[in-house]
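What follows is a short report on a single structure.
The values are calculated or read from the model by the stated rules, or taken from the named source; none is laboratory data. None of these values were measured; they are calculated from a predicted model. Cβ sites come from the backbone with ideal geometry, for glycine too, and all protein chains shown count toward neighbours.
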Amino acid sequence: MSLQCTGSRSSPAVSLRAYFQQALADCRQLTLNLVADVQPELLKRQAHADFSPVSWHLGHIAYTESLWTAEHLADRAGHANYLRLFAADGLPKAERENLPDLLEILAYLGEVRSQTLKALSTTDLLAYASLWHWLLQHESQHAETMAMVLALHRLEEASILGRSPQSPPPDSDMVYVSGGESVQGSNLPAAIDNERPAHSVSLAGYWIDRTPVTCEQYRQFIEAGGYQQAQWWTPEGWQWQQAAQVKAPLYWTNASTFDQHPVCGVSWYEAEAYARFVGKRLPTEAEWAKAAGWDALIGQSRLYPWGDSLRDECNYGQQTGATTQVGQFVHTSPYGCKDMLGNVWEWTDTWFAGYPGFRPFPYAGYSQVYFDQAHRVLRGGSWATPRWALRNSFRNWYHPHRREAFAGFRCAAKER
């Protein structure tokens, strides 16, 4: 795909420029807030062999921004001296603790941002809007990964579960989603390549949980010996469990204070085993998407479950610093589902792959390299997801054994 992707011609370029200036500033502030009160030495340490240190993510954000705004937009050389340190295919993860100090990396971020703003002042935004949206979402995705790494560092010190407001227990029933045609995906300028193109799907009717599975519900699986009984697991899942020997979700607490919070830090294997335990299954990605946003009355998909504007309808963007009670926010999807955006990512029973007509952007390896039948799709965002990566159509992907993401799930069942 050419870098020249059509933007929204209904908005004047000056409005787009002002939008991106503010969005870039807000997104960067969210990123910097993550590291403001953290010891610099902790930022350089690996919390897990499969995850880079926070400092590397900061440098990678700057390197990627420089690559696309300086070299591809402004035809100006980037910072070649940082190529090996911060390119995705540079240092092996095991060596990413060997980085410059935090002050140098922050200075690098600031220097690149100055160049970026110069490029923004001259770029044809109607032609390159998709690239600027992508840069915002790239930083947003790495900011959430940084929040995950910091959570891993804190695991031995405190739970990441958050506030538990005094309110009635949430609904624990299921809602029915009627069969028929709906639209999956998005053609909006902000949509990244794996969300495109919007396309029609046909589904049979099904049931889906009104809210994500809570800690109280999941505790029943733990106390019934679910982790020790092969009958609830697929052969692959049981093989993983026998090797991993986990006994609870990664971010688990037994405190009843958090009973109505969504379970957080489960692998796809754990989510699937629980679904079998309660006689249900995980929803497919298409089922999740339809339940989240398809408005049958107007024949269109909503941008968010409650409509097309984002204010305070869900727990996102590190506003609370942790999960909140499910059902705390009153807004629902067209079918009556709650918490479909924010709080926790939700596993689906779908392998990550391109939609029909997929075209890579801004480079072939961004999404396409993960179309390998080894990554499961997650939808919905978490409490740490910045708003630029939060919408019904946004897709996340992880190996089914990964537990470090702020991930939970809701169950589905076939038409009764």
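Pick from segment 321-356 the residues that are closer than 27 Å to Phe371 by Cβ and out of contact with any strand residue (DSSP E or B) (no Cβ under 7 Å at 6 or more places or on another chain): which of them is surrounded by the most Cβ atoms within 10 Å (Cβ to Cβ)? Selected residue: Met340.
Restricting segment 187-203 to residues that are part of a strand (DSSP E or B) and either of a type in the set (S, T, N, Q) or free of Cβ contacts under 8 Å to residues at least 60 places away in the same chain (or both), the residue that is farthest from Trp134 (Cα to Cα) is Ser202. Do we find a residue being in the same structural domain as Val201 (by TED's automatic domain parsing), within 21 Å of Ala190 (Cβ to Cβ), in contact with a helix residue (DSSP H, G or I) (Cβ under 6 Å, 6 or more places away or on another chain) and modelled with pLDDT of 95 or more anywhere in segment 279-296? For segment 279-296, residues in the same structural domain as Val201 (by TED's automatic domain parsing), within 21 Å of Ala190 (Cβ to Cβ), in contact with a helix residue (DSSP H, G or I) (Cβ under 6 Å, 6 or more places away or on another chain) and modelled with pLDDT of 95 or more: absent. Here's a check for you: in segment 301-329, which residue that is assigned to a strand (DSSP E or B) and among the polar types (S, T, N, Q) is nearest to the chain's Cα centre (by Cα)? Ranking the candidates gives Thr323 first.
With the condition being more than 17 Å from Ile192 (Cβ to Cβ) and in the same structural domain as Val263 (by TED's automatic domain parsing), I'd like the strands (runs of 3 or more DSSP E) fully within segment 330-398 carrying at least 1 qualifying residues. So the answer is 345-351, 376-379. Residues of segment 264-299 that are free of Cβ contacts under 8 Å to residues at least 24 places away in the same chain and β-branched (Val, Ile, Thr): Ile298 alone.
All conditions in (1) at negative phi; (2) at pLDDT 95 or above hold for Gly265, with the sole exception of (1). Annotation note: Cβ proximity below 8 Å between a residue of segment 80-92 that is assigned to a loop (DSSP other than H, G, I, E, B) and a residue that is of a type in the set (Ser, Thr, Tyr) (sequence gap 6+ or interchain) occurs for Ala87/Tyr63.
Among the residues examined, Cys314 qualifies as farther than 14 Å from Thr214 by Cα and crowded, with 24+ Cβ neighbours inside 10 Å. The number of residues in segment 32-66 that are part of a helix (DSSP H, G or I) and buried (at least 19 other Cβ atoms within 10 Å of the Cβ) comes to 16.
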